[in-house]
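The values are calculated or read from the model by the stated rules, or taken from the named source; none is laboratory data. Just so you know, these numbers come straight off a predicted model, no measurement behind them. We place every Cβ from the backbone using ideal geometry, glycine too, and count neighbours over all the protein chains shown.
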Amino acid sequence: MDFSEKQTIVCYIDKDKALFYQDVDGSMLQMDFPPDIISDQELTGREKLEQLIKSFLETNKLGKGNIIFIYAPNVTIEKDFPDELARNKNEEIQKFIDMIPFEEVLSKIYKLNKKTKVVTINQEIYKSIKNIFEKKNFLVLGIIPSTVLQEAVAELSMNIDLAFIASKIYSLRQYSMVNDGELKNENTKEKPASKKQNIRIYFLLAVFAILLFVLIIILIINLFPKNSSKNLPVLEPPLSPTPTVPVVNRESIPVTQPSISSPSGSDI
């Protein structure tokens, strides 16, 4: 990939600030980290950090380009292991990494001058800064500890020259704590999250379909018995024999007919 047509920025991450060197004009900019954002190498305000960097880029009109991060000695935790310690070196290195007090640790093992240097940083801070710049269309080329550059590059042994680093940025990428493959993997880490969101949507749709089906079944059960009751056979009770009423002989009683009087006074 050709990076030569883009501007290059060297970002020097210090304990309480970040310095930005631009190769296009040789200018140097400074951005301070307030304690409520980064304190004792712990990220205390992720959203505030994003707003801080976005505001800094907009204020200084820094557009897309290449950027590489150089970490100062006071923001890394390092330890040298001599080559003489060959037998238990791997175990000692792992013990050292396990003792780092950060929740997320990014570590790198370097072979320098007949010794093994292990460098660790707070991965949460690095990822947060990296992701913010990527959202602003910056291409992150890597992250390099300044102590490694001072031991590996003669021109930087006495002084961390950001202009020199910018001019040799592509050859110095070999000292990055993350390689190209790891950078690409980090860039695609959010894709599985989108798949999880799709799975969640499908699950919710399935639950909705099941509930709708159950509702339809309940409606059918409640409605159909009323309509089908007309077709059910009617069971008539068995007929019981009519009891015989005994005949009682009564003596004939003379019936007195009422008399009807006419207007003439005579009886009819």
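None of Ile125, Ile121 is among the aliphatic types (A, V, I, L, M) and either part of a helix (DSSP H, G or I) or surrounded by fewer than 19 Cβ atoms within 10 Å (Cβ to Cβ) (or both) except Ile125. Residues in segment 9-25 that are farther than 17 Å from Lys130 by Cα and either outside any loop (DSSP other than H, G, I, E, B) or of a type in the set (A, V, I, L, M) (or both): Gln22, Val24. The sole residue among Glu84, Glu103, Glu151, Glu92 that is outside any strand (DSSP E or B) and in contact with an Asp or Glu (Cβ under 7 Å, 6 or more places away or on another chain) is Glu103.
Cβ separations smaller than 6 Å between residues 6+ apart or across chains give the following pairs from segment 52-63 residues that are surrounded by 11 or more Cβ atoms within 10 Å (Cβ to Cβ) to residues that are of a type in the set (D, E, K, R): Leu57/Lys136.
Against the definition (loosely packed, with under 13 Cβ neighbours inside 10 Å and of a type in the set (S, T, N, Q)), how does Asn88 come out, yes or no? It is true that Asn88 is loosely packed, with under 13 Cβ neighbours inside 10 Å and of a type in the set (S, T, N, Q).
Any idea which residue in segment 106-153 is farthest from Gln51 (Cα to Cα), counting only those that are under 28 Å from the mean Cα position of the chain (by Cα) and of a type in the set (D, E, K, R)? So the residue we want is Lys108.
Kindly indicate whether Leu62 is assigned to a loop (DSSP other than H, G, I, E, B), among the hydrophobic types (A, V, I, L, M, F, W, C) and under 20 Å from Lys17 (Cβ atoms). The answer is yes for Leu62. For segment 130-148, enumerate the residues that are part of a helix (DSSP H, G or I) and touching a strand residue (DSSP E or B) at 6+ places or on another chain (Cβ under 7 Å). Listed by number, the residues that qualify are Lys130, Phe133, Glu134, Ser146, Thr147, Val148. Selection of segment 26-47 for residues being of a type in the set (S, T, N, Q), modelled with pLDDT of 90 or more and either in a strand (DSSP E or B) or surrounded by 13 or more Cβ atoms within 10 Å (Cβ to Cβ) (or both) yields Gln30, Thr44. Reported count of residues in segment 98-118, each being surrounded by fewer than 16 Cβ atoms within 10 Å (Cβ to Cβ), of a type in the set (A, V, I, L, M) and over 30 Å from Phe164 (Cα atoms), is 1.
Taking the condition in a loop (DSSP other than H, G, I, E, B), in contact with a helix residue (DSSP H, G or I) (Cβ under 6 Å, 6 or more places away or on another chain) and over 19 Å from Leu141 (Cα atoms), does Lys79 pass? Give the steps one after another, and end with the answer.
Details: in a loop (DSSP other than H, G, I, E, B): no; in contact with a helix residue (DSSP H, G or I) (Cβ under 6 Å, 6 or more places away or on another chain): yes; over 19 Å from Leu141 (Cα atoms): yes.
When the stated conditions are applied, Lys79 does not pass them.
Annotation note: Cβ proximity below 8 Å between a residue of segment 207-235 that is at pLDDT below 85 and a residue that is assigned to a helix (DSSP H, G or I) (sequence gap 6+ or interchain) occurs for no pair. Filtered by the rule that a residue be free of Cβ contacts under 8 Å to residues at least 60 places away in the same chain and surrounded by fewer than 17 Cβ atoms within 10 Å (Cβ to Cβ), segment 132-149 gives Glu134, Lys135. For the criterion of being among the hydroxyl-bearing types (Ser, Thr, Tyr) and at pLDDT below 95, Thr116 passes. Does segment 49-61 contain at least one residue that is on the phi > 0 side of the Ramachandran plot and at pLDDT below 95? Yes - at least one qualifying residue is present in segment 49-61. For the condition surrounded by 10 or more Cβ atoms within 10 Å (Cβ to Cβ) and out of contact with any Leu (no Cβ under 9 Å at 6 or more places or on another chain), Ile70 does not qualify.
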